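The structure appears below as structure tokens.
The values are calculated or read from the model by the stated rules, or taken from the named source; none is laboratory data. Owing to the predicted nature of the structure, the values given are computational and were not obtained by experimental measurement. Heads up, the Cβs are rebuilt from the backbone with ideal geometry, glycines too, and the neighbour counts pull from every protein chain shown. Surface areas here come from the heavy atoms of the whole protein model, side chains and all, with no ligands, DNA or RNA. Shrake-Rupley method; radii C 1.70, N 1.55, O 1.52, S 1.80 Å.
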Amino acid sequence: MTMTMRDLLRETTSSLEANRGRTLLTVLGIVIGIAAVIAMTSLIGGMRNALVGSLGLNAARTVSIYVNGSGLGEQQVDSLRSAMPEYESLDGVTYGGGTVKTQGGSVQMTAMGCAASTVTSSGAKVTSGRLWSDSEASSGANVCVLTTDDVRQIFGSADYDAVGKTFKLDSAEFTVVGIAETDSGMGQGQGMMWVPAQTCANLWMGGQLTYDSLTGIVHEGADVDQVATRTKERLESILGVTSQGSSDGSDSMGDTVQVQTMKSVIDQLDSFSSTFSLLAGAVAGISLLVGGIGIMNMMLTNVTERIREIGLRRALGATRGDITAQFLAESIAISVIGGILGVALGYGGSWALALAIPTSSLGMGDTKIVPAVSPEAVLLATGICVVVGLLFGYYPARRAARLDPVEALRYQ
């Protein structure tokens, strides 16, 4: 009599329950293999997402331009803007800094001189107050935007209402016009504030504004890599230099242009994630092989212990296909149970590892790593478990099916 699916499930459940201890020990190899894959891939995925988030909201469209040498003047930046309409925004960045004396001592503070739009394009969000106005930017007013960590370092508490308050950076008195929150590492114990670019020029450049670097946001849909290449060529033309130095072959200026895209950084992260996933898969493969051998060993033992049962089933009308299906079902069930436990253990393990990793050491400030378990990884793990159950359960199942019913009934 051919077994129905309900009969097959009932017999499989009954057999596994009768050997709970052996079953649990057998699935350990599967559990370890699947847990390793899920834990590593989800943790790496979470780190990738956290790092991309720390780069800013427009990370994939950001182009960073550096000129080693004399820097860039406002006219040169305007020329580049006119020549590169692919940019949604293209703003210069310069730096100054000094010491802020506080009640508890002093804080070394770096002032990042930039346009107001640069603050928001970096992913920061103004939660209190405002950004500086156009008139404040053009006059180089001593105004600034702080992060909550800056507020804590300067005023003693992150909850302090610092908008409108003043502090001294060396001898220059600054007025806080806004407080911003950011997912990046900026301000996380580093002492960095945003100020108008002209303010940096007035305080640290004798009033002559030159930019150390430029930050551009490319329009949606544009090829970031091509824009970066054209930017380098165009800026070298504006400066009259080549990649090796000045256009006349001398080293009098020594200007060199470097252009980097966040897209390339993200691509590198993706490449690293893929490589690490392959390594984790190799380790998991070894564990799954060991687990599969354990399943085969258990099923062979089950066949030996149930020879009389197999003979009785054959005598009552069970076909060889029924016997094969029964033992294959048990093998697959053991493997899938191991896979389910492995997914759960791997996800829990990835959270434990995420909480243990100090994100500040990765340059992400207080950004939390949230493990990213992809449905594809779970489906792949489940499919692998089914395949392992089939491959390592087939030989014991066929061995059971080929037993002679008469000899099986005589077995003691």
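In order along region 206-212, the phi-based Karplus estimate (6.51 cos²θ - 1.76 cosθ + 1.60, θ = phi - 60°) of 3J(HN,Hα) comes to x, x, 8, 7, 10, 9, 7 Hz; Gly and Pro are listed as x.
Modelled spin-label separation between PHE276 and ARG410, with each label point placed 7 Å from Cα along the Cα-to-Cβ direction: 6.3 nm. Coordinate range of the alpha-carbon atoms in region 285-412 per principal axis, descending: 73, 24, 18 Å.
Here the extension length gained between ASN68 and GLU376 equals 106.3 nm, from 0.36 nm per residue of separation less the Cα-Cα distance. For LYS232, the lysines whose Cα falls under 25 Å of its own Cα, not counting residues fewer than eight places away in the same chain, are LYS263. Straight-distance candidates among the lysines for linking to LYS101, with alpha-carbon spacing under 21 Å and chain neighbours fewer than 8 residues away dropped: LYS165, LYS168. Taken one residue at a time, the phi angles of region 197-203 give Karplus couplings (6.51, -1.76, 1.60, θ = phi - 60°) of 4, 5, 5, 4, 5, 5, 8 Hz. Gly and Pro are set to x.
If the chain linking ALA60 and GLN258 were pulled fully straight, counting 0.36 nm for each residue of separation and taking away their Cα-Cα distance, it would gain 69.5 nm.
Taking every protein chain into account, the accessible area of the chain amounts to 49 square angstrom per residue (probe 1.4 Å). Cα-based values for the chain, radius of gyration first and Dmax second, are 32.8, 105 Å.
Across all C-alpha atoms in region 113-175, the radius of gyration and Dmax reach 12.0, 32 Å. Each of LEU379, GLY71, ILE332 was placed along the dipole of the chain (beta-carbon charges, centred on the mean Cα), and the one lying farthest toward the positive end is ILE332. Potential lengthening of the chain between LEU300 and SER237 amounts to 15.1 nm, from the contour at 0.36 nm per residue minus the alpha-carbon distance. About its Cα centre, the chain has a charge dipole of approximately 2480 debye under the convention of +1 per Lys or Arg Cβ and -1 per Asp or Glu Cβ, with nothing else charged.
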